[in-house]
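J.: Take this structure first; my questions come after.
The values are calculated or read from the model by the stated rules, or taken from the named source; none is laboratory data. This one's a predicted model, so the numbers in the text were calculated from it and none came from an experiment. FYI the Cβ positions are ideal-geometry reconstructions off the backbone, even for glycines, and counts take in every protein chain you see.
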Amino acid sequence: MENRKKSRELSEDLRTKIVEKYQQSQGYKSISRDLHAPLSTVRNIIKKFTTHGTVANLPGHGRKRKTDKRLQRRIVRMVDKQPQSTSKHIQAVLQTQGATVSARTIRQYLNEMKRYGRRARRTPLLTQKHKKARLEFAKMYLRKPKSFWANILWTDEIKVELFGKAHHSTVYRKWNEAYEEKNTVPTVKHGGGSKMFWGCFAASGTGCLDCVQGIMKSEDYQKILGRNVGPSVRKLGLRQRSWVFQQDSDPKHTSKSTQKWLKTKCWRVLKWPAMSPDLNPIEHLWRDLKIAVGRRRPSNLRNLEQFVKEEWSEIPVERCNKLVDGYRKRLISVIFS
């Protein structure tokens, strides 16, 4: 048996002619014969016109949802309680409870409720001691004015690989052009080498960036600070008597030798909780830097160092200011997490 073909919808002009003939007292069969339209179609068009006063298509109500309000609230509670639940897992749980919903419907509804699937952020594994220190830090500095944060010199070190993962980018290509050179990212074993950099910034922009030679020890770290902190403070316009120096709790930073050296400088040092790279806004600049350098595709370590220094100096002041200006939100997230 041949499948019936779906009938085409009559044009609005043809529907209008049907109504006009009806208004001229012409019968249904006569109209059907004159306009070569099915009798049932003529009857339905005239009925719609007499009911709604139009021959245009009426807005439809769409397919009825399989999820009622109660089931929708249950889905939201599940992901709020266990954010790592997948739509397949939710579907299986609901099925054991007598509710049949597709995984796609679950995802669509979660998106409507502003629950979006995103890659989980990687954060340090925190002990209770770490959490307590972070909480104390957040409460101690929560009420500090924006001017306090704007007068901090944020510092950190970063390793940039020649062919690292940060150099990955999306390409738009045809299906059979995956391995054309323009559509690929070169990779080599062990990243092809890397460079370590020390850098600093404030709300007023980026400061000095220094390339670390070899393995950095406490003495090397002190020399880097001696070369770069003073010029950076002057360049960024930090208040000479009240600016604050920030560093994390890396062993080179907290060693007895470095602590003794810092005391000779009489710098105000921010008391920093351990295992808290997420509280340092410079991490965002490191990510920006790696992406910018990766786009330029350095071919050797000399290029890598050159590109890193050039891209660091090109980071907009507005970007730096925005990171520091919203610092209070970071502290609030620590307190209420």
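J.: For region 192-310, which helices (runs of 4 or more DSSP H) that fit wholly inside it have 3 or more residues that are in contact (Cβ under 8 Å) with a residue 40 or more places away in the chain and under 30 Å from Lys329 (Cα atoms)? Walk me through it before giving the result.
T.: On the way: elements: 218-236, 251-254, 256-265, 282-296.
The qualifying helices (runs of 4 or more DSSP H) are 218-236, 282-296.
J.: Also, quick follow-up: So, Phe148, is that one modelled with pLDDT of 90 or more and either under 14 Å from Trp272 (Cβ atoms) or not assigned by TED's automatic domain parsing to the domain that holds Pro273 (or both) or not? Spell out how you get there, then give the answer.
T.: Numbers: modelled with pLDDT of 90 or more: yes; either under 14 Å from Trp272 (Cβ atoms) or not assigned by TED's automatic domain parsing to the domain that holds Pro273 (or both): no.
Against the criterion (modelled with pLDDT of 90 or more and either under 14 Å from Trp272 (Cβ atoms) or not assigned by TED's automatic domain parsing to the domain that holds Pro273 (or both)), Phe148 does not qualify.
J.: Further question on the same structure: Given the residues Arg107, Arg119, which is the only one that is part of a helix (DSSP H, G or I) and over 22 Å from Ile332 (Cα atoms)? Working first, answer last.
T.: On the way: Arg119 fails: part of a helix (DSSP H, G or I).
From the options Arg107, Arg119, the qualifying one is Arg107.
J.: Next up: For region 114-128, indicate whether the set of residues that are aromatic (Phe, Trp, Tyr) and in contact with a Ser or Thr (Cβ under 8 Å, 6 or more places away or on another chain) is non-empty. Lay out the reasoning, then the answer.
T.: Residues of region 114-128 aromatic (Phe, Trp, Tyr): 116.
From what's left, in contact with a Ser or Thr (Cβ under 8 Å, 6 or more places away or on another chain): none.
Checked against the condition, which is being aromatic (Phe, Trp, Tyr) and in contact with a Ser or Thr (Cβ under 8 Å, 6 or more places away or on another chain), region 114-128 yields no hits at all.
J.: State all residues of region 38-81 that are modelled with pLDDT of 90 or more and not in a helix (DSSP H, G or I); if no residue qualifies, say none.
T.: Pro38 - this is the single residue of region 38-81 that is modelled with pLDDT of 90 or more and not in a helix (DSSP H, G or I).
J.: Out of curiosity, is Ser249 within 31 Å of the chain's Cα centre (by Cα), hydroxyl-bearing (Ser, Thr, Tyr) and surrounded by 15 or more Cβ atoms within 10 Å (Cβ to Cβ)?
T.: Details: within 31 Å of the chain's Cα centre (by Cα): yes; hydroxyl-bearing (Ser, Thr, Tyr): yes; surrounded by 15 or more Cβ atoms within 10 Å (Cβ to Cβ): no.
Taking the combined requirement at face value, the residue does not satisfy it.
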